[in-house]
Every structure is written in structure tokens, then in C-alpha cells.
Amino acid sequence: MKRILYTSWYTGLGGGETDLLTLAGALDHSRFAPQLLVPANGKLCQRWRAEGWSAHVLPYRGASTWFVPSLWARFPVVRRMEDLLVAQNIDLVHSDYHTLPFIAAAARRLGLPLLWTVWGWWFKPKVWQRAFFRSLPAVARSRAIRDGFVGSPPFMPPDHLPVIYTGVDSARFRPGLGRGLRRELDIADDALVVAMVARFQPVKGHHFFQAMAEQVLAALPETRFIVAGDDVFGVSADQRYREQILERAAQRPALRDSLQYIGFRDDIESVYAAADVFVCPSDFESYGIANLEAMACGRPVVSTGRGGPSETIAHGETGFLVDAGDVDALSASVLRLLNDADLRKKMGVAGRRRMLKTFSIAAAADAHMQLYERLLR
């Protein structure tokens, strides 16, 4: 059995961290034993250990986008990471971006294979970092991420950065889960419900969701709206944004009566089950895992199309794509679905089918395990 050390500088449970948990759970545990390295305890670490897997806390400050590889390789934390790799008999390292300059140096000293995941296209490699990134095996979570990361013209061949889409657990996220959350929130079974799932961050577009909700309510006053998610990473700007969004919702009479912010949910699948339509109003999404979870639950999706959603959502078949920030188009698409139960059902079925074909966790785990085997050889 090979021991894989996954690293994450983020300690909350956002999309990337949920992806990591799902991937680790889908591995063939007779062949691979997942372990985790984080800089502090948090929800990710708690969930990881609840699965019975080893997690290690080693305080360090994550790399900025300006890191100098040769200098960061000399930081004292590299030696501590090297000691951890030896003590745990790690065979392979799978890193995130912010841990990469440290753990790559530690792995190299020990001759261990390393892979890292490109989660964000905005991590533009600086000139002095390009040789470092060219030297490391990596995967991207979407074509949008890959193309944004390598740039134009590309600093390295795009085919050196294969795309492995994040997989969705189709057993956890599935149709027919029941609508218990509606009873919890005092929402009638026959009410039309629009849902959003996202952490509080300006890029996620809660302000667009609220503006859309007001337009929808002008046409369908009995519609209800649910937003799940919280301030995941404790960033002060995100906290201020959260306060502004909640304050505005409380001040607007229509929103106060129809929109509920329900915070972080361990049973996030219950949010999709309670909804008739799922909305992603972000400025952009590198991938947009929530869209796929909603599709897995048989829900049509209305999403801004910048980034990953343009690859995961089939416009007009599994949902609708609109331009980022276009509240009128967002509202019109939501209203079209709310007014047509047959279209909602048709798109929901198509979305589930598309997810199973292309974005299942089984496919993602298999692709990762094949890559791990090649690196270990």
C-alpha cells in the first residue's frame, strides 16, 4: 500500500477542500492510504480524521504568488516537512499551490514523486517561477484553469498540464433525497424554491443573487430563496462582505420575507433537494463544483458562464449560462424555469446524465490513481 500525503493551506471547507475529501474517499484504499498536512486545525482536518485517516498539523504561512523557489526552499519549515515525510513513510506527495514551494523542496531532497493541483487560473507564474513549474507534474481542474495558468502565449505546452475534472459523489448527491429542509425552514412543499451554495466572498455574487431575487419576486411573489454557505477562511474582507449582504437582506422587505441565509451545512445535499432551481451568480468560477452537485441531484442550473461552468453546463440542455453580472438575464432564465415544470424536469434529468458520464468521482479517482501509479514507477 502506498501512502499519499495531501497538503492544503486552506483549513475550512470550501469547494477545493470538499473535492479533496471526496477524492481521498474514492481511492482504492487497498492500494493507497491518504494522509493530510494542514497548517492549523479546522473543519477540513476534523472531517478528514472523522473518516479514519491520519492528519498532521504543522504551522506554516502559505506561499504568495510572488514566491522565489530557490529562497523558499531554504525556509526552516522545509526541514520540518522533510522530517514528517520520513516519519510517516510517505511514498508520494499531492500538493496545493500555497504549500508547494516548501513541500516540493522537501520531496526533492528525499527523492519522492510529487504532483500538484492547479485550482486557480489567476495564479500567473512569474518569469522567475516558470522553470520551477515546468519541472513539476501537475493537473488542472478545468480547461479554463489550465489555459489561464499557462497564459497566452503559453510559458509551457498546455498538454503538459492535463485536465482531470473534479468528481461528484453520485450516491450522496442524487435525486429523490426528500425535502426535509423545507420543513425545517417552514417552506411549503408546493412553493417554488431557488437556491445558492457559496462561501461569502464578493466574487461569489451574493449581491447579484439578491438583485435577481427581487426581480423574480416582482413576477412570482411566492417564490422562496435559500443561500447556504458561510465565511470559510476568516478573511476580514469576506467578513465585511457577509455583513453587508445580510444587512441588505434584512433591510429589503421582499428579501426579508422570502430569502433565508442558512449558513454552513454538513448536509449540503439537502439544499439541492429542497430547490427547484439552482443558481450560481459568481463573477467567475474556476470550476464550480456546486453546479455539478446540483446537477447530480437532478436540478437545473442557471450559472454565469465565465470559467468552469462553460465546460460543465450544457446551455439549453442542463441549464442556462448567462454573462457575469447580467442580473436581467439571470432573472429571465430563472423565471423561465420556475414557470415551466416540464422544462425543469427535462433539464434535471439531462444534468444528472451528463454528470454521470463526464464528472463522476469514480472517473476522477481512477484518473488520479493511474497518474499516481505512473509517478511511483
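With the crude spin-label approximation of a point 7 Å out along Cα→Cβ, what separation in nm comes out for residue 184 versus residue 370?
3.9
Just the number please: accessible area per residue for the stretch 98-213, 1.4 Å probe, all protein chains included, in Å².
About 41 Å² of surface per residue is accessible.
From the phi angles alone, apply the Karplus equation (6.51, -1.76, 1.60; θ = phi - 60°) to the stretch 330-335 and give each ³J(HN,Hα) in whole Hz, x where the residue is Gly or Pro.
4, 5, 4, 5, 4, 5
Could you pull the Rg and Dmax for the stretch 143-281, using just the Cα atoms, both in Å?
Calculated on Cα positions, Rg and Dmax stand at 18.1, 55 Å.
Computed FRET efficiency, Cβ-Cβ of residue 317 and residue 56, R0 45 Å: what is it to the nearest 0.05?
The calculated FRET efficiency here is 0.55.
Could you tell me how far the Cα centroid of the stretch 178-225 sits from the Cα centroid of the stretch 309-377, in Å?
Their Cα centres are 20 Å away from one another.
What are the principal axis extents of the Cα atoms in the stretch 327-377, in Å, biggest first?
Result, largest extent first: 55, 24, 8 Å.
Placing unit charges on C-beta atoms (Lys and Arg positive, Asp and Glu negative, everything else neutral), compute the dipole magnitude of the chain about its Cα centre in debye, rounded to 20.
So the magnitude is around 1260 debye.
Subtract the Cα-Cα distance of residue 131 and residue 109 from 0.36 nm times their separation in residues, and report this length gain in nm to one decimal.
So the chain would gain 6.1 nm between residue 131 and residue 109.
Which one, 17, 184, 311, has the greatest fluctuation when you compute a Gaussian network model over the chain with C-alpha springs under 10 angstrom?
184
What number in nm² do you get for the chain if you take the convex hull of its Cα atoms and divide its surface by four?
Quarter of the Cα hull surface area: 18.1 nm².
Which FRET efficiency value, to the nearest 0.05, do you get for residue 29 and residue 267 by plugging their Cβ-Cβ distance into 1/(1 + (r/R0)^6) with R0 = 25 Å?
For R0 = 25 Å, the calculated efficiency reads 0.55.
Between residue 49 and residue 1, what is 0.36 nm times their sequence separation minus the Cα-Cα distance? Round to one decimal in nm.
Using 0.36 nm per residue and subtracting the Cα-Cα distance, I get 15.4 nm.
Of 229, 129, 176, which is farthest towards the positive pole of the stretch 97-237's charge dipole, taken about the Cα centre with +1 and -1 on the beta-carbons of Lys, Arg and Asp, Glu respectively?
Most positive-ward Cα: 129.
Binning at 5 Å from 0, report for the stretch 33-149 what percent of all alpha-carbon pair distances ends up in each bin.
So the P(r) values, bin by bin, are 2, 11, 21, 23, 20, 15, 7, 1, 0.
How much mean residue ellipticity at 222 nm does the chain get from its helices, if each DSSP H run of length 4 or more adds -39500 (n - 2.57) and you divide by all residues, to the nearest 500 deg cm²/dmol?
Dividing the helical sum by the residues of the chain leaves -12500 deg cm²/dmol.
If a/c stays under 1.5 just call it rounded; otherwise compare a/b with b/c (prolate if a/b is bigger, oblate if not). Do that for the stretch 144-215, with a ≥ b ≥ c from the square roots of the Cα gyration tensor eigenvalues.
The shape class here is oblate.
What is the distance in Å between the Cα centres of the stretch 79-107 and the stretch 278-301?
Computed from Cα coordinates, the inter-centre distance equals 33 Å.
To test your reading of the geometry: what angle, between 0 and 90 degrees and rounded to tens, separates the Cα axis of helix 236-251 from the longest principal axis of the chain?
Between the helix axis and the principal axis of the chain, the angle is about 10 degrees.
Cut-off 10 angstrom, C-alpha nodes, Gaussian network model of the chain. Which of 156, 295, 355 fluctuates the most?
Of the options given, 156 has the highest mean-square fluctuation.
Test of understanding: what is the full-extension gain from residue 343 to residue 236, defined as 0.36 nm times their sequence separation minus their Cα-Cα distance?
34.4 nm
Using a Gaussian network model of the chain with C-alpha springs under 10 Å, which one of 349, 127, 86 is most mobile by mean-square fluctuation?
127
The values are calculated or read from the model by the stated rules, or taken from the named source; none is laboratory data. Everything numeric in this text was worked out from a predicted model, so none of it was measured. For neighbour counting, all protein chains shown are included, and Cβ atoms are generated from backbone atoms with ideal geometry for every residue, glycine included. Remember, those area values only see protein heavy atoms, side chains included, never the ligands or the DNA or RNA. Shrake-Rupley method; radii C 1.70, N 1.55, O 1.52, S 1.80 Å.
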